[in-house]
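> I'd like to ask you about the structure that follows.
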Amino acid sequence: MTDSILSKAATMEIPINSNGDSRTAEDDSLEQDLQQVMVSGPNLNETSIVSGGYGGAAEGIIPTSSIKDIRSKSRGITPSQSAASRIANQPGHYPAPSMHHSNSNPSMMSEEATRGVAVEKFDSVKKWSINTYKCTKQMFSERFGRGTKTVDLELEAQIDVLRETKMKYERILRLARELTNHFYNMVQTQQALGDTFADLSQKSPELQDEFGYNAETQRLLCKNGETLLGAINFFVSSINTLVNKTMEDTLMTIKMYENARLEFDAYRTDLEELSVGPRDAAAMMRFEIAQQQYQIQKDKYERLHSDVSIKLKFLEENKVKVMHKQLLLFHNAISAYFAGNQQQLEQTLRQFNVKLKPPGSDKPSWLEEQ
């Protein structure tokens with residue numbers, strides 16, 4: 001009804017009298033009626049639009065809120081969102097905190113952690129690059145005779161002796177393994193020959209005694225050969241431990257010491273160059289940083305220098321002790337075997353606590369370790 005009244009008021013022709021006053025008594029009464037309707041009438045949000053005219057059937061009434069919902073859906077807005085937007089637009093209303101911020105905290109923490117790891121990796125790569133550059137520069141300076149090198153003549157001589165000794169012991173180890181391999185084949189051949197003699201002694205009555213003697217001799221040689229193989233295997237195992245574990249461990253420490261010596265000389269040269277440079281604030285800051293790095297490398301160099309000296313001393317003592325025992329074992333076992341002294345050979349193995357391989361095994365223990 002209000003819309004029809006407003007439409008009628010908007011389309012009405014307004015007559016103008018002779019003195020230019022466009023308002024009449026009818027206009028004043030109409031205005032009063034409109035004000036009364038607007039004040040005392042129903043709220044527009046709660047009214048209904050009648051599709052079939054005023055006073056039509058109830059099923060023809062469409063609520064105004066439904067039209068607003070249809071318009072909101074056409075724009076992709078749900079009724080709850082539309083209501084929320086109306087509440088948010090009211091003066092004095094403060095929007096509730098968004099839940100997206102709380103959900104983004106784990107992702108922000110993950111990004112910060114990733115950024116921290118990237119910064120740490122970048123710093124490590126930067127330090128490694130600077131250190132590599134300084135060491136490479138120092139190495140080429142020493143090679144071309146332009147740089148100075150920190151040298152401990154006594155320690156360097158001991159290191160050279162160790163490397164030469166290791167090469168000689170590696171040759172002993174290689175030859176001892178070849179001897180073991182050849183002797184093992186010989187023992188297997190003697191065993192096969194003894195079995196053949198024993199078989200022929202059963203099938204040749206006219207030569208039974210001769211085949212029997214030879215079969216017994218080959219079996220005895222095979223038994224003594226297995227005993228000697230046990231002694232040689234023990235010798236090879238001990239030399240292998242000495243060369244490839246004890247000496248190699250000392251050489252690894254020597255390699256770390258040589259790298260520390262190169263780094264120490266590189267930072268020492270850098271500090272010497274900065275000490276003769278300008279004395280401004282930036283140069284003094286670089287000088288202090290270089291001095292700190294020099295002290296760190298010096299402590300590392302001195303610590304590894306002490307470690308190498310101690311390991312070389314203990315290695316020499318261990319080498320003498322091990323080789324004294326192994327060389328005595330090797331000599332006594334070989335002598336007893338070729339002298340045909342079976343009791344002396346077995347006593348030698350008991351003296352050095354050598355465990356023989358269980359009978360019935362096809363290969364010696366050193367081949368199983370390969």
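The values are calculated or read from the model by the stated rules, or taken from the named source; none is laboratory data. Bear in mind the structure is a predicted one, so any value in this text is a computation, not a measurement. Cβ sites come from the backbone with ideal geometry, for glycine too, and all protein chains shown count toward neighbours. Heads up: the accessible areas ignore ligands, DNA and RNA and are worked out on the full protein's heavy atoms, side chains in. Shrake-Rupley method; radii C 1.70, N 1.55, O 1.52, S 1.80 Å.
> Say we look at the range 152-163 and pick out the residues that are among the hydrophobic types (A, V, I, L, M, F, W, C) and in contact (Cβ under 8 Å) with a residue 40 or more places away in the chain; which of these is surrounded by the most Cβ atoms within 10 Å (Cβ to Cβ)?
LEU162
> Can ASP307 be described as more than 31 Å from the chain's Cα centre (by Cα) and either among the hydroxyl-bearing types (Ser, Thr, Tyr) or over 30 Å from ALA176 (Cα atoms) (or both)?
So ASP307 fails the test.
> In contact with a Pro (Cβ under 9 Å, 6 or more places away or on another chain) and in a helix (DSSP H, G or I) - does that describe any residue in the range 245-267?
Checked the range 245-267: no residue is in contact with a Pro (Cβ under 9 Å, 6 or more places away or on another chain) and in a helix (DSSP H, G or I).
> Does TYR213 count as without any contact (Cβ under 8 Å) to a residue 60 or more places away in the chain and in contact with a His (Cβ under 9 Å, 6 or more places away or on another chain)?
No: the conditions fail for TYR213.
> On the basis of being in a helix (DSSP H, G or I), at pLDDT below 95, farther than 29 Å from LEU262 by Cα and not polar (S, T, N, Q), does GLU206 make the cut?
Yes; evaluated as a whole, the condition is true for this residue.
> Any residue at all in the range 230-239 that is of a type outside the set (Phe, Trp, Tyr), assigned to a helix (DSSP H, G or I), touching a residue at least 60 places away in the same chain (Cβ under 8 Å) and over 30 Å from HIS182 (Cβ atoms)?
No, every residue in the range 230-239 fails to be of a type outside the set (Phe, Trp, Tyr), assigned to a helix (DSSP H, G or I), touching a residue at least 60 places away in the same chain (Cβ under 8 Å) and over 30 Å from HIS182 (Cβ atoms).
> Scan the range 284-303 and tell me whether some residue there is closer than 30 Å to VAL161 by Cβ and open to solvent by less than 30 Å² (accessible area, probe 1.4 Å).
Yes, some residue in the range 284-303 is closer than 30 Å to VAL161 by Cβ and open to solvent by less than 30 Å² (accessible area, probe 1.4 Å).
> Being part of a helix (DSSP H, G or I) and within 22 Å of GLU170 (Cα to Cα) narrows it down to one of GLU302, GLU317, so name that one.
GLU317 is the lone residue from the list that is part of a helix (DSSP H, G or I) and within 22 Å of GLU170 (Cα to Cα).
> Pick out the one residue from LYS166, LYS149 that is farther than 26 Å from GLN342 by Cα, open to solvent by 70 Å² or more (accessible area, probe 1.4 Å) and in contact with a helix residue (DSSP H, G or I) (Cβ under 7 Å, 6 or more places away or on another chain).
Within the list LYS166, LYS149, the selection yields LYS149.
> For GLN347, state whether it is more than 30 Å from ARG261 (Cα to Cα) and either open to solvent by less than 60 Å² (accessible area, probe 1.4 Å) or touching a residue at least 12 places away in the same chain (Cβ under 8 Å) (or both).
no
> How do the pairs read when you match residues in the range 167-194 that are in a helix (DSSP H, G or I) with residues anywhere that are open to solvent by less than 80 Å² (accessible area, probe 1.4 Å) and aromatic (Phe, Trp, Tyr), using Cβ under 8 Å and keeping only pairs 6 or more apart or on different chains?
ALA176/PHE235; ARG177/TRP366; THR180/TRP366
> Another question, then. Under 7 Å by Cβ, and 6 or more places apart or on different chains, what pairs join a residue from the range 328-342 that is within 10 Å of ASN224 (Cβ to Cβ) with one that is among the polar types (S, T, N, Q) and open to solvent by 40 Å² or more (accessible area, probe 1.4 Å)?
Note: pairs meeting the criteria are ALA336/GLN344.
> Give me a count of the residues in the range 115-146 that are open to solvent by 90 Å² or more (accessible area, probe 1.4 Å) and in a helix (DSSP H, G or I).
Residues meeting the conditions: 11.
> Check ASP280 against each of (1) charged (D, E, K, R); (2) farther than 16 Å from LEU173 by Cβ; (3) at pLDDT 90 or above and name the one condition it does not meet.
Every condition holds for ASP280 apart from (3).
> Have a look at THR253, THR196, THR180, THR241 and point out the one that is of a type in the set (Ser, Thr, Tyr) and within 30 Å of GLN292 (Cβ to Cβ).
THR253
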